[in-house]
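Below: one structure, written as structure tokens.
The numbers here are math on the coordinates, done by the rules we state, and not lab data. Keep in mind that what you see is a predicted model, and the values were worked out from it rather than measured. Here Cβ is always computed from backbone atoms with ideal geometry, including for glycine, and neighbour counts include all displayed protein chains.
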Amino acid sequence: MAMATPMTQTATRLSGNLTAPAGAFFGGLIAVDIVLLFAVSGYLLIEAGWNYGDAGGSAPEKIHPATLLAGFLLLSAMLPVFIPTLQRALEGSLQMMLR
């Protein structure tokens with residue numbers, strides 16, 4: 001009989017410095033995103049007042065809400081890697097300007 005492995009709060013290592021966030025909250029948001037993608041049709045968005053497939057409306061309204069959530073999740077996963085990299089680049093630029 002196989003033993004169940006305990007759930008841990010570690011991150012899955014991907015290539016480079018980017019790690020996928022672990023935990024129930026992030027996993028739940030991914031599950032909500034997948035459900036939104038398949039459950040919310042263009043017609044439902046139009047009926048709700050979102051000009052997704054209709055003529056007219058602004059460009060951001062043509063993006064499905066599940067795609068917006070996926071973009072937010074990707075940015076939130078990249079943020080811990082991006083901030084220190086940006087900080088190092090700005091410090092280097094500042095040091096070069098002050099010389």
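Some points to look at:
- Taking all Cα-Cα distances within region 22-98, those exceeding 19 Å account for 56%.
- Placing a pseudo-label 7 Å from each Cα along the Cα-to-Cβ vector at Ile83 and Met96 gives an inter-label distance of 2.5 nm.
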